[in-house]
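The values are calculated or read from the model by the stated rules, or taken from the named source; none is laboratory data. Owing to the predicted nature of the structure, the values given are computational and were not obtained by experimental measurement. All Cβ positions, even for glycine, are placed from backbone atoms using ideal geometry, and neighbour counts span all protein chains on display. These area figures cover heavy atoms from the full protein model, side chains too; ligands, DNA and RNA do not enter into them. Shrake-Rupley method; radii C 1.70, N 1.55, O 1.52, S 1.80 Å.
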Amino acid sequence: AFVSGNFNQRRSLGSGSTDRYNTQGQEVLTNVFQDTKSENTGFFAMGRAGLDWFIDNRNTFTISGNFNGGNFNSTDDLNIRTDVPSLSTSNLSTRNSENERMYRNYGSQALFKHIFPKEGKEWTADLNFNGSRSENKGNFITRYQTPPRPENNQRQEGKGSNEFLTFQTDFVNPLGSGLKIETGVRAAVRNYRSENATYQNDVRTPGFADRYKFNDQVYAAYGTFSQSFKKWGYQTGLRAERSQYTGT
């Protein structure tokens, strides 16, 4: 049996300033001064556990699971002053941003192996599942102080998920005199969904939104025959595959 995990957390602070003087290329020249303060916080965690079961000297079964995820938040406060020297005027505004991001990922695996009395003859099978989901949200508020006018409120939201399932089994059988037969089948199925939206003053903006989903399925089978000699060998085989994709 085995188990492992880790966790880390962070917090960072930042500040900065930008002074920009436009000396040419504009009909009315402006100078822009910006000051910003930011804070970023978040954590990340991961864990894994499993079990190897040696049923007997010919059969082994393994099962395991894993999880990882994190949350990340950030805030940013920006003060902007735009000077117009030729008109002796200044425009003042502030922009406050808040962003949140979250994701989770989880998976599980099951593996089986059988060894036959004949040397080199074995059968294996494994099943894997992996899923994830994520969400993000951002608020951006701009307030105009000089000259005063209504604030501008923007919001972005997004979410998505993904599931992936695979199954595979293989059989190997040596026939003697360097002859060997190998066969197997495999199936893989994936589901994916994503949705993003943008809001302007709490009104959804149709031109800046998307919804997307798809289902992808792949099924395959193979068989090979090979023979090895002292200095050379050959292999021949056939593989068949069927795939289907549907997206909206």
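In this structure, residue 242 does not qualify as among the basic types (Lys, Arg) and closer than 30 Å to residue 103 by Cβ. When residue 193 is tested against (1) out of contact with any Ser or Thr (no Cβ under 6 Å at 6 or more places or on another chain); (2) basic (Lys, Arg); (3) surrounded by 15 or more Cβ atoms within 10 Å (Cβ to Cβ), only condition (1) is not met.
Kindly indicate whether residue 126 is touching a Leu at 6+ places or on another chain (Cβ under 8 Å), within 30 Å of residue 59 (Cα to Cα) and surrounded by 14 or more Cβ atoms within 10 Å (Cβ to Cβ). When the stated conditions are applied, residue 126 passes them. The single condition among (1) among the hydroxyl-bearing types (Ser, Thr, Tyr); (2) open to solvent by less than 40 Å² (accessible area, probe 1.4 Å); (3) in contact with an Asp or Glu (Cβ under 9 Å, 6 or more places away or on another chain); (4) closer than 29 Å to residue 75 by Cβ that residue 166 does not satisfy is (4).
State which residue pairs qualify: first residue closer than 18 Å to residue 17 by Cα and without any contact (Cβ under 8 Å) to a residue 40 or more places away in the chain and inside segment 70-99, second residue surrounded by 16 or more Cβ atoms within 10 Å (Cβ to Cβ) and not acidic (Asp, Glu) in any location, beta carbons under 8 Å apart, and separation of 6 or more residues or different chains. Qualifying pairs under 8 Å: 75/97; 75/99.
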